[in-house]
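Comments concern the structure below.
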Amino acid sequence: MNEKISKEKIEQTYQKLKKDAKNAGYNLNPDEVYTKDLVAGLLVNEQRFGYMSCPCRLSTGNKQKDLDIICPCDYRDSDLEKYGTCYCGLYVSDDILTGKKKLTSIPESRTKKFNDTIILKNISSSSFPLPIWRCKVCGYLCARESPPEICPICKAKKDRFEKFI
């Protein structure tokens, strides 16, 4: 179980993440050494816990409690929008990729999670904790403070989203 992660496995996972990111309209950090270190951390966590939780956060080992920090984490898009990078620096904005903006450390966005009772109460009262955004091109819905820069489904830009609820 705690066997060393091979360079080949790190490279293979790195290439897959890079391809997946590009196909979904995202960028991996251009610093390959740093990014591959993060990939190694994801693989270690996958080996330890059975899932790739963020290597820069403490995982509980309980998948249900860690769902929000399984890579790509729930905070990636809002952190990219606000800071140009996700918390661990695996994903970066176009401005950072092209050198228009420098990569810096950012504050932790993970907050206390809602328990099931609060979520069910909010849903039944039709009062959501976050606005719901709808892509006018494909109908994709997401609950967050603001719409994503690029729709993960059809790749439409942020301006094609409307506030749904």
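Checked against the criteria, ALA21 does not count as over 27 Å from LYS155 (Cβ atoms) and surrounded by 16 or more Cβ atoms within 10 Å (Cβ to Cβ). Residues that are touching a Pro at 6+ places or on another chain (Cβ under 7 Å) and without any contact (Cβ under 8 Å) to a residue 24 or more places away in the chain within the range 42-68 comprise just one, ASN45. Number of residues in the range 152-165 that are within 16 Å of SER93 (Cβ to Cβ) and either part of a helix (DSSP H, G or I) or not charged (D, E, K, R) (or both) equals 2.
Among the conditions (1) farther than 25 Å from ASN27 by Cα; (2) over 18 Å from the mean Cα position of the chain (by Cα); (3) at pLDDT below 85, the only one that CYS138 does not satisfy is (1). A search for C-beta distances below 6 Å between a residue of the range 84-108 that is within 22 Å of LEU58 (Cβ to Cβ) and among the aromatic types (Phe, Trp, Tyr) and any residue that is modelled with pLDDT of 95 or more and surrounded by fewer than 15 Cβ atoms within 10 Å (Cβ to Cβ), counting only pairs 6+ apart in sequence or on different chains, returns nothing.
State yes or no: is ALA156 at pLDDT below 80 and of a type in the set (A, V, I, L, M, F, W, C)?
Yes: the conditions hold for ALA156.
Does TYR26 meet the test of being of a type in the set (Ser, Thr, Tyr) and touching a strand residue (DSSP E or B) at 6+ places or on another chain (Cβ under 9 Å)? In short, yes. Scanning the range 65-85 for residues that are touching a helix residue (DSSP H, G or I) at 6+ places or on another chain (Cβ under 8 Å) and either within 16 Å of ILE150 (Cα to Cα) or in the same structural domain as LYS155 (by TED's automatic domain parsing) (or both) gives ASP74, TYR75, GLY84, THR85. Quick one: in the range 1-44, of everything that is part of a helix (DSSP H, G or I) and of a type in the set (S, T, N, Q), which residue is nearest to ASP79 (Cα to Cα)? My answer is THR35.
The values are calculated or read from the model by the stated rules, or taken from the named source; none is laboratory data. All values reported here derive from a predicted model rather than from experimental measurement. Glycine also receives a Cβ, built like all others from the backbone with ideal geometry; neighbour counts cover every protein chain displayed.
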